[in-house]
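Let me begin by presenting the structure, written as structure tokens, before commenting on it.
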Amino acid sequence: MPSLPEDEVTARLEAALYSSGRPLSVDELVRASGTNSKERTVRTIEEIARKVKSAFKAIEIAKLEDGSYVFQLKPDYTPLIRRFAQRPIISSAALKTLSYIAYEQPVTSKRLVQIRGSQVYPHLKYLEQLMFIEHESLGRLKVYKTTKKFQEYFGITDINSVKSKLVIASSNSPAKKSGSELQSGSLPEKS
């Protein structure tokens with residue numbers, strides 16, 4: 001197997017550290033790098049850490065006591081950003097509405113009101129502003145579905161495979177509903 005160029009190894013390690021949101025072990029980083037060399041991987045990580053340290057003031061790549069590496073905010077800045085970090089782009093209620101649309105699409109506004117209640121209307125407006133959903137008008141009825149931007153943002157390549165996984169996960173759940181509830185199509189209570 002030909003050796004990957006150093007730029008590709010660096011890019012893979014940067015992507016793994018940035019996207020993981022947690023510390024990664026050297027073994028995980030070796031797999032992410034596309035090499036079989038711990039030495040090359042550690043050397044590249046340390047070079048990336050030096051570049052990050054010289055280019056950024058508030059973020060770092062830190063080596064933890066257990067030998068893992070993490071891309072993180074420097075501890076001194078945690079109190080400052082706490083108010084920003086706790087504000088997600090989508091509220092949990094709107095996210096639930098989005099998940100119902102993704103799962104049941106195409107789905108009518110009438111069905112969404114039955115599932116989620118009348119608070120669904122501001123969710124729909126906001127989700128359309130974010131371009132995560134779109135609608136088609138059929139007379140006075142609107143039919144909603146997710147968009148390509150939704151799939152890209154959430155890293156979904158095939159919405160049908162996600163639906164299949166959700167069905168399997170819910171049927172294997174220890175807190176699953178009784179068979180009659182599942183057959184009747186009832187959904188969890190609104191929140």
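The values are calculated or read from the model by the stated rules, or taken from the named source; none is laboratory data. These numbers come from a predicted model, not from an experiment. Ideal geometry is used to build each Cβ from the backbone, glycine not excepted, and the neighbour counts take in all protein chains shown.
Structure notes:
- Scanning the stretch 87-96 turns up at least one residue that is exposed (fewer than 15 other Cβ atoms within 10 Å of the Cβ), within 23 Å of the chain's Cα centre (by Cα) and closer than 29 Å to residue 29 by Cα.
- Boolean, residue 134 is under 30 Å from residue 33 (Cβ atoms) and outside any loop (DSSP other than H, G, I, E, B): no
- Enumeration of residues in the stretch 43-86 that are touching a residue at least 24 places away in the same chain (Cβ under 8 Å), surrounded by 13 or more Cβ atoms within 10 Å (Cβ to Cβ) and not β-branched (Val, Ile, Thr): 47, 68, 69, 71
- Applying the criterion of at least 3 residues that are among the acidic types (Asp, Glu) to the helices (runs of 4 or more DSSP H) found wholly in the stretch 1-90 leaves 6-20, 38-55.
- Count of residues meeting criterion [farther than 29 Å from residue 131 by Cβ and small (Gly, Ala, Ser)] in the stretch 59-114: 3
- Candidates 129, 151 - the one that is modelled with pLDDT of 80 or more, in the same structural domain as residue 105 (by TED's automatic domain parsing) and exposed (fewer than 10 other Cβ atoms within 10 Å of the Cβ): 129
- Of residues in the stretch 33-86 being over 16 Å from residue 13 (Cα atoms) and aromatic (Phe, Trp, Tyr), the one nearest to the chain's Cα centre (by Cα): 84
- Residue within the stretch 168-187 that is exposed (fewer than 10 other Cβ atoms within 10 Å of the Cβ), within 19 Å of residue 108 (Cα to Cα) and modelled with pLDDT of 70 or more present: no
This table checks each residue for (1) touching a Cys at 6+ places or on another chain (Cβ under 9 Å); (2) free of Cβ contacts under 8 Å to residues at least 12 places away in the same chain; (3) within 24 Å of residue 20 (Cα to Cα); (4) in a loop (DSSP other than H, G, I, E, B).
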residue	(1), (2), (3), (4)
111	no, yes, no, no
115	no, no, no, no
123	no, no, no, no
145	no, no, no, no
149	no, no, yes, no
157	no, yes, yes, yes
160	no, yes, no, no
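- Picking from residues in the stretch 1-27 that are of a type in the set (Ser, Thr, Tyr) and within 19 Å of residue 50 (Cβ to Cβ), the one that is nearest to the chain's Cα centre (by Cα) is 18.
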